[in-house]
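Student: My questions will all concern the structure given below.
The values are calculated or read from the model by the stated rules, or taken from the named source; none is laboratory data. Bear in mind that the values here come from a model prediction, so they are computed numbers and not experimental data. Every residue, glycine among them, receives a Cβ derived from its backbone with ideal geometry; neighbour counts consider all protein chains shown. Just so you know, the surface numbers come from the protein's heavy atoms only, side chains and all, with ligands and any DNA or RNA stripped out. Shrake-Rupley method; radii C 1.70, N 1.55, O 1.52, S 1.80 Å.
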Amino acid sequence: MRKFGPILFLALLLGLAALAVFGLSRETDYDRSPLGSKGLEVWLQAKGIPVIRSDVHATRASSEFSLRIVPLPIARADAASAQDDGKKEAGRLASWIYEATIYELRTLIILPKWRGSVLDDGIARESGLVPFSDINNELNKADLSNLYLTRLGPGFEEAEQTVQPGDPQKIRLYRAQVFDRSTIPDRCEEIAGIDAGALLLQCEDDHMVYVLSDPDLMNNHGLALGDNAAFALSLVRKLRGADATKPVYLDTSGKLLDGEAPVDEGRTYERSTSDLARLFAYPLSIVWGAILLVTAMCFWRGAYRFGPALAETAANIEISKTAAIEATARLLRLSGNDGRMAAQFVQHLLADRAALHFGPGSRNQSGIDRMFRRLALRDRASAEALQSAAKALVERGDVMTRSDLHRNLETFRKLLGSIELGSR
């Protein structure tokens, strides 16, 4: 009987695999890691603030947004600095500040603190911190020279912040990273900070650029500490200003903006069922056809059941033994070794009879001789006739003709069946 269950299961499995590849989200693991920014997006949207993420395939217009949030990458930093598709470029801090000025777009630039090794090791140790030299090089390129950072700890720092009047929050930071107040340029103003230094600066003459020293105030890990999530929400609301109806632009690609309208630089690549069709176009269609044909043949040949279902294991073993014996006998007959097969059969049969009456230890020639002696005590003539027929088959069965072999086997069978050896 042919079984279609395996074929249906295979089709279902292939369908689920296609759905997983083409239908599910393709976001990177980093974006959802402790150092990523997925949590900030979800948190702001939950509080009624629309968020648009950057897309490397399209250039966004500055007029679309009320606030641009840019986590700063560092050229010599490792995987933790590259978000999403890894195409974010270093040395762009000056460009982002320039764009914020000419487009009058409020821009929050978040400096880095942790390397990607923190994600690999799962331990925030000293070696996992981004060197100050890397950060200072970027600040110098942006005409923010002589602005230096310092780090506290090891340990947590707690401080109360009030970004908006009447809404205080207690922030909590591990190895807090702050600006040294003695190095803050005259054109920058401190918006938030702790006793050890400034956390948020407002720079440039038109007050469009904000620089946050510690990313743990807004990354996935930091939002879960203290009132950091409430502080981030208050900060975003304050920085949006009069354009509170426009969405926040979470820029994780670092792509430059357009002054007027969005520019589509090619279709944003989102997987769909139409992409799947390309896998079956020529010449790949030949490969898939061959695979399908081989798979169908395998299922077709494997979907037949030969014989009824077997319920008991013991019966299966006995049937397997019988099948093996029959197969061996057929091979011996085909190879012309009928006599040798008959000799082995007679020897094993006599050994089984001897073991049956004298115990398992008698399954040898001594046990067979003992059996014949016991038989001779009761019927000497029958014992001698049976022993003679058995000896002839064992010793000369392989050289007998087919007719002699058949005649001696028939004599042996009749003699063995007519003699009663008695119980053990």
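Student: Among the residues of the range 102-146, write down those that are polar (S, T, N, Q) and either in contact with a Phe, Trp or Tyr (Cβ under 9 Å, 6 or more places away or on another chain) or under 12 Å from LEU72 (Cα atoms) (or both).
Tutor: THR107, ASN136
Student: Which of the residues belonging to the range 182-209 are open to solvent by less than 10 Å² (accessible area, probe 1.4 Å), closer than 16 Å to ARG106 by Cβ and out of contact with any helix residue (DSSP H, G or I) (no Cβ under 6 Å at 6 or more places or on another chain)?
Tutor: Matches in the range 182-209: ALA192, LEU200, LEU201, CYS203.
Student: Okay, next question. For residues that are of a type in the set (S, T, N, Q) and under 34 Å from the mean Cα position of the chain (by Cα), scanning just the range 99-143, find the one that is surrounded by the fewest Cβ atoms within 10 Å (Cβ to Cβ).
Tutor: Going through the qualifying residues, I end up with SER127.
Student: Now for a different question. Inside the range 250-280, can you point out the residues that are among the hydrophobic types (A, V, I, L, M, F, W, C) and modelled with pLDDT of 80 or more?
Tutor: LEU250
Student: Could I ask something else about it? Which condition from (1) open to solvent by 20 Å² or more (accessible area, probe 1.4 Å); (2) among the aliphatic types (A, V, I, L, M); (3) at pLDDT 80 or above is the one that ALA90 breaks?
Tutor: Unmet for ALA90, out of (1) open to solvent by 20 Å² or more (accessible area, probe 1.4 Å); (2) among the aliphatic types (A, V, I, L, M); (3) at pLDDT 80 or above: (3).
Student: List pairs: first residue in the range 337-351 and over 16 Å from GLU410 (Cβ atoms), second residue of a type in the set (S, T, N, Q) anywhere in the structure, Cβ distance under 7 angstrom, at least six positions apart or on different chains.
Tutor: ALA351/ASN364
Student: Identify all residues within the range 24-60 that are at pLDDT below 75 and exposed (fewer than 11 other Cβ atoms within 10 Å of the Cβ); write none if there are none.
Tutor: Matches in the range 24-60: LEU24, SER25, ASP29.
Student: Which ranges mark the strands (runs of 3 or more DSSP E) fully within the range 138-223 that have 1 or more residues being in contact with an Asp or Glu (Cβ under 9 Å, 6 or more places away or on another chain)?
Tutor: Those strands (runs of 3 or more DSSP E) span 149-151, 156-161, 169-174, 177-179, 189-194, 197-203.
Student: Kindly indicate whether any position in the range 363-380 is acidic (Asp, Glu) and either in contact (Cβ under 8 Å) with a residue 24 or more places away in the chain or farther than 25 Å from ASP338 by Cβ (or both).
Tutor: Yes, the range 363-380 contains a residue that is acidic (Asp, Glu) and either in contact (Cβ under 8 Å) with a residue 24 or more places away in the chain or farther than 25 Å from ASP338 by Cβ (or both).
Student: Using the structure shown, decide if THR245 is at pLDDT below 85, part of a loop (DSSP other than H, G, I, E, B), closer than 22 Å to GLU99 by Cβ and open to solvent by 70 Å² or more (accessible area, probe 1.4 Å).
Tutor: So THR245 passes the test.
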